[in-house]
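*Asks:* My questions will all concern the structure given below.
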Amino acid sequence: MNSIFSMFSIERPQLLLLMVPVFPAALFMFVRFKKMERSLVDFVSSASESFVRSRRSVALRTFFRCLAWMSGILACAGLSWGSWQVPVQKSGCAVSFVFDISYSMNAMDAAGGKMSRLDAVKVYCANLLPLMDGVSVSAVISKGDGFLAVPLTQDFSPVYSLLESLSPSLMTAAGSSLGKGIDCAVSSFPQNSSQTSMVFVFTDGDETDDLMLRSLQKAARFQIPVTLVGFGSEDGVEVLSGDGQTPVKTFLMANKMRNYAMDVNKTARKLFSKSDFVRYVSAESRGSAVSLLEQLDSSSESFSYEIRSVSRHDLFIFLSLVFFALSFLVSEVDIAFLRKRFGKIVSILSFSCVFLFVSCSSARSRILKGSIDHSNGKFRSATVDFVSVLEDMPQEQQRDYALFGLASTYISLEEYDAALEKLDLIVPEKTDDEYKDKALASAVFYNKGVIFVRRGDFPKALSFFKEAVLASSDNLDARINMELCDQRIAMSKKKAGATEMQGVSESKNAELDAKTAALFNLIREKEQNQWKKMESKKEEKNVLDY
């Protein structure tokens, strides 16, 4: 589940140990106050108002100072959670090769049954690497676990050496875990790298722990494309298992990998404008290597957004100062007296303080923040706000408003296909030929009309503006745009008719003889001279008419 704490991290966790002295210090203050209370019991009754007030002041002062200390420690420890998208200019490519070396790759059904799947991988990659000049490459071997055999490098000689020695005997881990191999490849890329990262997995898709789908989804969340290159035959062939005696039939799981790609891309399409994070390519299909190289060319110079965690350093510094100030305030002010005199005001202020300090991040507040960011032109920040609401799977109404806000942001970014896709997901509830939320339904149709106006499709835009007016007659903008579209369509029809008439007259003039054509030209010249004289007289007459 992708919630606000999905990217929770602590930069310096060792500093959290400084919170331990808080509890002995609080206990020391409690014991010290008890001793003072016993020494004063002969002079002041423990039930007196002043004594009760002192006890409350000491307790609250100790409590707030402990909170101030803990908030300061959290600020120094570098606590962060949540996520935001940072625009990053990518230059060059970094590719991680994941080699499936499980025993199923020994099946002799590659290249028309002439070699094993693993031998076909060796030949395929040996021919692919010389065409990847300027690309950084790492290599991961995957069996029952994933292991980074070659870190990122532009020197391919270690990769060639690894290709020659690829064998199931390289790893002792039993089974086949492609998911762990993909996870290892994703973690091999350095954080905040300036290169575009991607993963090529050379496999037959046969796994024993079913972790590949989860790992592909994780790679998509980090916006790292993964290409699954399939080796083998879907008809299946027998191969010996790890004990060297038991025959097992293994297949190329092409349909399984295609379905995984469709599922991951469908989910990614809701979060990002890009939707081809996972692809499946058959190694024996024509042009498979070309499709891999085209991905490198298209990603050599790109502009993307990295998801980074949000540091909460400023928040905890602020809380530390507030708690420290409150520790003095509660020891000097009679809270009970204020509650009696200003009970309602204190309650409202207390509730407001709790709301602010806890920093509640509900779906509605994030939708509001996204709307404010959108109106201020901070489109990327607004996108992050609306996407975070959709990730938390809110109520139906909140989901519709988040989708509408996200679509409006895409329109501002001129990403019309993505905007239409989000607007199509909004299905306003209808009762007795009327929409339950008339304003939302009208706004959805209105934005669709705006998109088609910008695309120049005025008839389709007109139909959506009409739907917006039918949904809510109060939508004045939709009425105005409907009239403008109607006029634009009428003007287009008139221009088309004038062009058609001009073509007919020209065709007729072509059939006239030379004398008739000369006569028409003479008449036309006289008419033009007459109009010019009339226009010049008008200009002289109205020369002072500003």
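The values are calculated or read from the model by the stated rules, or taken from the named source; none is laboratory data. Keep in mind that what you see is a predicted model, and the values were worked out from it rather than measured. Cβ: placed from backbone, ideal geometry, glycine included. Neighbour counts: every protein chain shown. Just so you know, the surface numbers come from the protein's heavy atoms only, side chains and all, with ligands and any DNA or RNA stripped out. Shrake-Rupley method; radii C 1.70, N 1.55, O 1.52, S 1.80 Å.
*Asks:* Keeping all protein chains in place and using 1.4 angstrom, which order do ASP133, ASP385, ASP206, ASP486 fall into by accessible surface area, from largest down?
*Replies:* ASP133, ASP486, ASP206, ASP385
*Asks:* Another question, then. Quick one: with all protein chains in place, what share of the accessible area of the range 140-220 is carbon or sulfur, to the nearest percent (1.4 Å probe)?
*Replies:* Carbon and sulfur atoms account for 51 percent of the accessible area of the range 140-220.
*Asks:* Sticking with this one: Less than 20 Å from a label point 7 Å out along the Cα-to-Cβ axis of SER375: which backbone N atoms in the range 459-482 qualify, by residue?
*Replies:* Residues passing the 20 Å test: 475-478.
*Asks:* Still on this structure: So which of LYS369/LYS436; LYS270/LYS378; LYS218/LYS256; LYS270/LYS436 end up more than 22 Å apart, counting from Cα to Cα?
*Replies:* Too far apart for the 22 Å limit: LYS369/LYS436; LYS270/LYS436.
*Asks:* Can I ask one more? If you take the Cα atoms of the range 92-138, find Rg, then find the Kirkwood Rh from the mean of 1/r over all pairs, what is Rg/Rh?
*Replies:* 1.07
*Asks:* Relative to the compact-globule scaling 2.2 N^0.38 Å, provide the ratio for the alpha-carbon radius of gyration of the range 119-195.
*Replies:* Taking N as the residue count of the range 119-195, the ratio is 1.13.
*Asks:* With a 1.4 Å probe and all protein chains kept in place, how much accessible area does CYS184 have, in Å² rounded to the nearest 10?
*Replies:* Accessible surface of CYS184 is approximately 20 Å².
*Asks:* Could you give me the ³J(HN,Hα) list for the range 259-268, computed from phi with Karplus coefficients 6.51, -1.76, 1.60 and θ = phi - 60°, whole Hz, x at Gly and Pro?
*Replies:* 5, 4, 4, 5, 5, 5, 5, 5, 5, 5
*Asks:* Next up: 5 Å is the cut-off here: which amide hydrogens, built 1.01 Å from N in the peptide plane, fall below it relative to ARG279, excluding neighbours closer than 5 in sequence?
*Replies:* Residues meeting the criterion, in which the H sits 1.01 Å from N, are VAL226, THR227, LEU228.
*Asks:* May I pose another question? What residues from the range 132-175 fall in the zone where the backbone N is under 16 Å from a label point 7 Å along the Cα-to-C-beta line of SER193?
*Replies:* 132-141, 147-156, 159
*Asks:* Moving to a separate point now. Just to check, using Stokes-Einstein with a Kirkwood Rh over alpha carbon pairs, what's the diffusion coefficient of the range 425-499 at 4 °C and 1.567 mPa s in µm²/s?
*Replies:* The estimated diffusion coefficient comes to 101 µm²/s.
*Asks:* Once the whole set of protein chains is in place, how much accessible area is left on GLU414, using a 1.4 Å probe, in Å² to the nearest 10?
*Replies:* Looks like 130 Å² after rounding.
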